[in-house]
Amino acid sequence: TAAMTKPISYDSKSDFLANVMLFVPLGYLALGALCVDKKPPLIAGLLLPAYALFSAGIEFGQVWAEARYPSINDVVGETIGGIIGSVGWLVIGQKIND
């Protein structure tokens, strides 16, 4: 759609922050579920595109939702949130589990 071809802009900082925060727990829990008691760097690298694809899928689904519209800004924010959550797991997740 045309909305996904617009340049990335952050007119609404609160909307961007909400999208980031939405995916932080997802990133933390996804990496934790796949990497508990294992060495996670390879799996962490494979999850990064998964966050972007999952977010793009959510945005694509909004094409059919009334009063919703897809946005590349949301994809970027949610992907960043997934990365932050993954970094959180890499830094403290296994320590908390131990």
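The values are calculated or read from the model by the stated rules, or taken from the named source; none is laboratory data. Keep in mind the model is a prediction, meaning the values are calculated, not measured. Heads up, the Cβs are rebuilt from the backbone with ideal geometry, glycines too, and the neighbour counts pull from every protein chain shown. For the accessible areas, the whole protein counts, side chains as well, though only heavy atoms, and no ligand, DNA or RNA atoms are used. Shrake-Rupley method; radii C 1.70, N 1.55, O 1.52, S 1.80 Å.
Under a model in which nothing but the beta-carbon of Lys, Arg (+1) and Asp, Glu (-1) is charged, the chain shows a dipole of about 240 debye around its Cα centre. Note on Lys38: accessible area approximately 120 square angstrom, rounded to 10, probe 1.4 Å, nucleic acids and ligands left out. Checking (i) 14.8, 48; (ii) 13.4, 46; (iii) 12.6, 36 against Rg and Dmax of the Cα atoms in Å calculated from these atoms, the matching label is (i). Against the chain, whose longest principal axis comes from its Cα atoms, helix 72-88 is set at around 10 degrees.
When Asp98, Asp15, Asp37, Asp74 are compared by accessible area at a 1.4 angstrom probe, the order from most to least is Asp98, Asp37, Asp15, Asp74.
Averaged per residue, the chain has 64 square angstrom of accessible surface, using a 1.4 angstrom probe with ligands and nucleic acids left out. At full extension, Val91 and Trp64 could sit 5.8 nm farther apart than now, given 0.36 nm per residue minus the alpha carbon distance.
Computed over protein heavy atoms with a 1.4 angstrom probe, the accessible surface ordering of Val76, Val91, Val20, largest first, is Val91, Val76, Val20. Projecting the Cα positions of Pro70, Gly85, Cys35 onto the charge dipole of segment 29-98 (unit charges on Cβ atoms of Lys, Arg, Asp and Glu, taken about the Cα centre) puts Cys35 furthest along the positive direction. Amide H to amide H, with H built 1.01 Å from N, Val36 comes under 5 Å of no residue 5 or more places away or on another chain. Here is how the number arises for the chain: DSSP H runs of 4 or more residues each give -39500 (n - 2.57), the sum is divided by the residue count, and the result at 222 nm is -22000 deg cm²/dmol.
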